[in-house]
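Here is the structure we will look at.
The values are calculated or read from the model by the stated rules, or taken from the named source; none is laboratory data. Note that the structure is predicted; figures quoted are calculated from it, not measured. Using ideal geometry, Cβ is built from the backbone for each residue, glycine included, and neighbour counts are taken over all protein chains shown. Side chains included, ligands, DNA and RNA excluded: accessible areas come from the protein's heavy atoms. Shrake-Rupley method; radii C 1.70, N 1.55, O 1.52, S 1.80 Å.
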Amino acid sequence: MQKTLSRRKLHAKGLVQGVGFRPFVFNLAQKHLLTGFVCNLGGAVDIEIQGELQDIENFIDSFHRSLPPLASITELDVSDFPVNLGESEFQIIDSQDSLADSRQIPLDTAVCEECLKELFSEENRRYQYPFINCTNCGPRFTIIEKLPYDRQSTTMRAFAMCSLCLQEYKTPSDRRFHAQPNACELCGPKLTFKQKKETPIIGSDALQRAQQALLDNEIVAVKGLGGYHLMGNAKEDAVVKKIRSLKNRKDKPLAVMFHDMQEVEAYCQISNSEKKLLNSPVRPIVLLKQRDGQELSKCINSGLDEIGAMLPNSPLHYLLLGATDFPLIATSANDEGLPIFTRDDDAEREFVEIGVLSHDRQILSGYDDSIVRFDSDRKLTIRAARGMTPGRVALPFETGKSAIAFGAHLKNTFCITQNNNATISQHLGDIATLERMENYENTLKLYLDLFECKPDLLISDLHPDYKTAQIAEKMSERLKLPLIRVQHHHAHAVSVMAEHKVQKAVAVVFDGMGLGIDGNIWGGEFLLCTYREFTRLAHLENVPLPGGDLAAKNPWRMALGYLEQMKAGQNEFDEFLSELECIHGQGTVNTVRKQIRSGINCPLTSSCGRLFDAAAVLIDHRCKPTYEGQAAMELEALARQCKCREHRLYDFAAPSENNVHIVKSTLILKSMQTALNSGISKACAARIFHQTLSAAISDVLLKVRSNIGVGDICLSGGVFQNTLLLKDVRENLEECGFNVFTPSIIPANDGGLSFGQAVIGLSNFA
């Protein structure tokens, strides 16, 4: 009996490159006895299937239910197509590049369980091969030169596959069918260990030399997926101190790589949500509460109560940890102010004295480790990088325009938009040095080339001194493109609104600082926002910022700004002032006080970040941060030690000028200081500060709700990475009947700013 043939065309958009998608379709078609083809279009995949109608329907049903682990479909169109009577088989045909504006970049992912079993199986030909991978794991973005994602478009083209690897690559039933980085010890990348002027060691001997170095409590610079890590025994103070010296990082916490989840649980408190993410293909650093009495070096996270925990993300990391019985420090091997090292000569120049474990697979895109933490079971992204970016987010509206949003000065990302989607770059750090700026410009060029983005619009921060704003202005002049400047805190607000598709909300944006439309430095804002515009409803009171950026680096200056703001004699602070004079010298303290009174180089700020700094130094007079956010992080950790019932020491003041509510933050500090003088513990004082600030936020929002009737609240800005404050605020507001939205995939800090800028710029571009 002759078969009745039908034909369907499936057009799939989403993450369909570099994830084993075409092999998956091929094998599924074979299983259901279908002919046709699958073709990579650059930003999508076309599938044509032909056979009996029931077989086609079974294929489509299985297609939805059994996608490869790393694949995702955002759009699927199915249509009838004319039957091709001359067709006899199903094929993977050559890639085309007709849909550049729909491209998604495959992400580097952790080694999968199947590859891991092979890695430690002595019978397997890839036993202990540090670059084992398959269609479900391994390098992707870091090795891509151009799209579509094929081997000849990656740095793996330098390695011709041996006959066995080539056979796997061409065999549809094999797990490595069309796995572009496929390789083995015979034909793939190889390790090299270099130390001082010794002869370089190659291959498996290099691995053994590095393993022995770690066992001997030496430090090794290790080339990972996206750059070099410094690695060493996390239990030994001397090792950790040496790593800090090599990185010029005095206090900033260091990440710890554990062998497995069992070891993580021995050192940290961990929830099911945290376990799931920690063990996911992303393998981020997850901030976890440290258990008391464990043997990790106290130098890892001085003054904090959390550990940045991670699991191995590459076969090489598994092999290094496999030789030790202790967890390893795993921190990026670059000095503060420099981008992560990706070039072998840079790493060797800096670290050859201690030992460098490198390999000959080139890294094209530098990748830091992603960092997340949890507010209960709600994920908060602190830094989006390896395994998470280039991240694509749907815009909350349709637009035919493309744009580049250049981000901020600190914790920078940029964002490009095409075809109603936004693609956010990996974390690029603080754009404060020539090296970071060059890395920023090179990474932006790579994205524009990969996505073939031709922007209609450029968008930058309002602050003219930001390097990113200056880059945007030069590009605008060169390409004759319009440039829209967006207020910093409006962008923070809209980044959360757009992530959750909220079109109008009151946003509480608390951060370090950003230029306000009145010329002052904002950072403690209550804004009524749409995607196009905002109204300032309330803010923390303006106080002097003595010395500008100097105040951020020296919190005692900020505390003096608050004291002078109070003006009247403040006996509560006599002891504090006396202590400051002993620490910094009476002349220096008096000079700063005179500077504040004269207003010279003392811009006004409403910054909540600076309020945290002042509170921190009132509690610990010798507080001297060595990294951005340190004072606030240590204050949060201290506050978590308090187990007392809830306190509240401050009642909200009446509306001030122009019906804009002013939160008297000076009163919060005065109340806290009075409590300290009465003998309350420092931990309780820190907790009271958090609770009082949270209560003040609720007071403001209840007052403005009665006037504007908006019940949707968005929380953004780096201050809301503080989960103690965030939990207090969220619970208070939800009890009052507000709908509370917090960032999840978009960082609350300046890493999320570029996405908000893009949405605002496109909304205002006719």
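Key figures for this structure:
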{"read-out": "Out-of-range pairs (alpha-carbon distance over 19 Å; input Lys594/Lys670; Lys146/Lys401; Lys454/Lys480; Lys250/Lys727; Lys235/Lys298)", "value": "Lys594/Lys670; Lys146/Lys401; Lys250/Lys727"}
{"read-out": "Theoretical gain in end-to-end length, Lys146 to Lys275 [0.36 nm per residue, Cα-Cα removed]", "value": "43.0 nm"}
{"read-out": "Within straight-line cross-link reach of Lys504, aspartates and glutamates at Cα separation under 12 Å, skipping those fewer than 8 residues along the same chain", "value": "Glu533, Asp712"}
{"read-out": "Pair Leu5, His584: separation of 7 Å Cα→Cβ label points (nm)", "value": "8.3 nm"}
{"read-out": "FRET efficiency, 1/(1 + (r/R0)^6) with R0 35 Å, evaluated for Asn442 and Ile202 via beta carbons", "value": "0.70"}
{"read-out": "J(HN,Hα) series, segment 288-296, from Karplus relation 6.51 cos²θ - 1.76 cosθ + 1.60, nearest Hz, glycine and proline x", "value": "10, 5, 6, 6, 6, x, 8, 9, 5"}
{"read-out": "Beta bridges by DSSP in the chain, antiparallel share as percent, to the nearest 5", "value": "75 percent"}
{"read-out": "From phi via Karplus (6.51, -1.76, 1.60), per-residue ³J(HN,Hα) for segment 336-348 in Hz, x at Gly/Pro", "value": "4, x, 10, x, 4, 6, 10, 8, 4, 5, 5, 5, 5"}
{"read-out": "Ranked by how many other beta carbons lie within 10 Å on average, peptides 23-31, 223-231, 327-335, 79-87 from highest", "value": "223-231, 327-335, 23-31, 79-87"}
{"read-out": "Degrees between helix 237-247 axis and first principal axis of the chain (Cα, 0 to 90, nearest 10)", "value": "90 degrees"}
{"read-out": "Burial ranking of peptide ranges 599-611, 437-449 (average Cβ count within 10 Å, highest at the top)", "value": "599-611, 437-449"}
{"read-out": "Label-point separation, Leu550 to Asn739 (7 Å along Cα→Cβ), nm", "value": "4.8 nm"}
{"read-out": "The chain - mean residue ellipticity at 222 nm from DSSP helices (-39,500 (n - 2.57) per run, n ≥ 4, rounded to 500)", "value": "-10500 deg cm²/dmol"}
{"read-out": "Acute angle (nearest 10 degrees) that the helix 488-499 long axis makes with the longest principal axis of the chain, alpha-carbon atoms", "value": "40 degrees"}
{"read-out": "Residues in segment 225-243 reached by a label modelled at Glu295 [backbone nitrogen below 17 Å; 7 Å Cα→Cβ]", "value": "232-240"}
{"read-out": "Table column - 3J(HN,Hα) (Hz), segment 666-682, Karplus curve with 6.51, -1.76, 1.60, x for Gly and Pro", "value": "4, 5, 4, 5, 5, 5, 5, 5, 4, 5, 4, 5, 7, x, 5, 5, 5"}
{"read-out": "Residue-normalised accessible area of segment 114-259, given per residue in Å² at a 1.4 Å probe", "value": "41 Å²"}
{"read-out": "Added length on full extension, which subtracts the Cα-Cα distance from 0.36 nm per residue, Tyr627 to Asp335", "value": "103.8 nm"}
{"read-out": "Set of lysines near Lys117 by C-alpha distance (under 19 Å), chain-local residues within fewer than 8 positions excluded", "value": "none"}
{"read-out": "Other-chain or far-sequence residues with amide H under 5 Å of Gly514's (modelled H)", "value": "Trp522"}
{"read-out": "Length added when fully stretched, Ser245-Leu33, from 0.36 nm per residue minus Cα-Cα", "value": "70.0 nm"}
{"read-out": "Accessible-area composition of segment 501-656, carbon plus sulfur, in percent [1.4 Å probe]", "value": "48 percent"}
{"read-out": "Degrees, to the nearest 10: 586-598 long Cα axis against longest axis of the chain", "value": "90 degrees"}
{"read-out": "Kirkwood hydrodynamic radius of segment 264-382, Cα pairs, Å", "value": "16.2 Å"}
{"read-out": "Set Lys289/Lys379; Lys190/Lys223; Lys445/Lys474; Lys379/Lys553 screened for pairs whose C-alpha atoms are more than 19 Å apart", "value": "Lys379/Lys553"}
